[in-house]
Amino acid sequence: MEVEKMDENEWKYHGEGNQSLVVAHCQRCAVLRFLKFPPNQNKTSEEILEHLQNIVDFGKHVMKQFFGEKYVHHGEIVQLPLDFIRQLCLKIQPERPESRCDKDMDALSGYAMCLPNLTRLQTYRFVEHRPILCIEIKPKCGFIPFSSHVSQEIKHKVCRYCMHQHLKVANGKWKRPSKYCPLDLFSGNKQRMHFALKSLLQEAQNNLKIFKNGELIYGCKDDQDSVSDWNELARHLKPFFFPSNGLVSGPHCTRTIVKELIHVITMTLLSSTEACRAGDMRTVPISHGRSYCEASPFNKELVRNGKHKLESSGLPRGCLLYKTLQAQMLDMLDIEGLYPLYNRVEQYLEEFPEERSTLQIDGPYNEAFYEKLLDLSTEDDGTVAFALTKVQQYRIAMTAKDCSIMIALSPCLQDECSEQRPVVLTSKSRFTFSVSVLDLDLKPYESIPHQYKLDGKIVNYYLKNVQAKDDPVMSSLFKDNEDCTLVLHKV
């Protein structure tokens, strides 16, 4: 990218999260990612450069080891003309969602990250004029805690995502709870995966987005209510799945197209486009804990029909979902088991603040940092070293629980599909595809107390307002005594 002659009109607003804002180039397959800060928080250019360098190093030296070379795009740092950044800031401001404007894009340091635009990315030198469909999925945590530190039995039965849905609806973040359950998606069982993806398409929240040629055509632009219009989606997708246009329109057509889409997503998620080289990770056995969540509508339906659990097929070892789950399962102690260890590290740092950099809490994220993550023992020897290793593993797990998977699909003709490219077939068309993972910034060390409090909130809300209603004995207990907090609090 030529930094000297930059024109803000060649870039457009692409999206933003809590920490950063992204703009995409109108022609080329590139995005720029800027950090964001609250208006009164002035960071020096050096601090911003170091922060960005940490993000790049973490992707390169740590996350690539977990997910594999092909899936992680760590990007590079670029220095841009300040004038260009200021103009860009003004240009995109009107497009930013209101709920995100509590922080400003960094327009003072001149630094940004340049990355490939994964909504348009293909892993092959490849005809640019081909239409590209991209599905972004935030799968969330795919297992139920197996730690003995868990104090509430419900956490061994109902997954975090399903419990959290109820609190989010109560807080007004979403209008309805989603039927999606991450355990269905991570099960490797095609029926369960189809159900999970259909649920995501019905209630996308911020867990699913679909782009066509880099433009968002489906999913939430903001935390407001998104009405999922499948007919509109089918209209966009029809040329991809039924190129000859020989299919009647109407609800039958819409259902057929959505079905084809779900099939393609499932096949790409289960594909192994790379030998599994998860570094030297001795993987956490997936058999830990249970493979289904009692709150999943899919599971409830099975129980209602008197069927016993569907056998969990498990995920192919080389696929991205498997690698994501392995990284998530570095959370071996649950936040309840981890919190006392975090406090042990905190106490040590209070006594020896100068040790913070030796312990690599804020980086550098290099090979040495990665090596320390490989110790999977859960025997606490009372040392700070043990506590720190578990804290760092938890931060990696949190990162993997919040990452996004990008699936880019491009139609290809029979004779073009050579051996080098992975291909997925549908009834009337074929696609080459690439799968990538993004949103891999390491979760901050400082966020652990917040996670601990939030965990208690989610569980208590669920016990009091959801489970109590489902369980007549509990329900009568609450009716007799509204202040019966004993049932809720850790004893």
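The values are calculated or read from the model by the stated rules, or taken from the named source; none is laboratory data. Keep in mind that this is a model prediction, so the values were computed, not measured. For neighbour counting, all protein chains shown are included, and Cβ atoms are generated from backbone atoms with ideal geometry for every residue, glycine included. When the accessible area is computed, the model is the full protein with side chains, heavy atoms only, and any ligands, DNA or RNA have been set aside. Shrake-Rupley method; radii C 1.70, N 1.55, O 1.52, S 1.80 Å.
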Can you tell me which residue is least open to solvent (accessible area, probe 1.4 Å) among those in the range 362-379 that are hydrophobic (A, V, I, L, M, F, W, C) and either under 19 Å from residue 452 (Cα atoms) or part of a helix (DSSP H, G or I) (or both)? 369
Filter the range 319-332 down to the residues that are open to solvent by 10 Å² or more (accessible area, probe 1.4 Å) and part of a loop (DSSP other than H, G, I, E, B), then identify the one that is nearest to residue 396 (Cα to Cα). 331
Residue match in the range 386-406 (condition: open to solvent by 60 Å² or more (accessible area, probe 1.4 Å) and aliphatic (A, V, I, L, M)): no
For the range 333-359, how many residues meet the condition of being outside any helix (DSSP H, G or I) and open to solvent by 20 Å² or more (accessible area, probe 1.4 Å)? 4
If we scan the range 200-207, do we find a residue that is at pLDDT 90 or above and open to solvent by 60 Å² or more (accessible area, probe 1.4 Å)? yes
Can you spot a residue in the range 141-154 that is part of a helix (DSSP H, G or I) and out of contact with any His (no Cβ under 9 Å at 6 or more places or on another chain)? yes
Taking the range 180-195 and keeping only residues that are touching a Lys or Arg at 6+ places or on another chain (Cβ under 9 Å) and surrounded by fewer than 19 Cβ atoms within 10 Å (Cβ to Cβ), one is left with 194
Mind checking whether some residue in the range 36-46 is of a type outside the set (Gly, Ala, Ser), modelled with pLDDT of 90 or more and within 20 Å of the chain's Cα centre (by Cα)? yes
In the range 155-204, how many are in a loop (DSSP other than H, G, I, E, B) and β-branched (Val, Ile, Thr)? 1
Among the residues of the range 2-30, which ones are of a type in the set (Lys, Arg) and modelled with pLDDT under 85? 5, 28
When you go through 260, 215 one by one, which is the residue that is at pLDDT below 90 and among the charged types (D, E, K, R)? 215
Those helices (runs of 4 or more DSSP H) lying entirely in the range 30-123 with at least 1 residues open to solvent by 30 Å² or more (accessible area, probe 1.4 Å), touching a residue at least 60 places away in the same chain (Cβ under 8 Å) and small (Gly, Ala, Ser): 45-57
Checking 428, 457 in turn, the sole residue that is in contact with a Leu (Cβ under 7 Å, 6 or more places away or on another chain), open to solvent by 30 Å² or more (accessible area, probe 1.4 Å) and either among the basic types (Lys, Arg) or at pLDDT below 85 (or both) turns out to be 457
Restricting to the range 398-419, give me the number of residues that are of a type in the set (D, E, K, R) and modelled with pLDDT of 85 or more. 2
Scan the range 129-140 for residues that are assigned to a loop (DSSP other than H, G, I, E, B) and at pLDDT below 95 and jot them down. 129, 130, 131, 132
Report yes if some residue within the range 92-100 is within 19 Å of the chain's Cα centre (by Cα) and either of a type outside the set (Lys, Arg) or on the phi < 0 side of the Ramachandran plot (or both); otherwise report no. yes
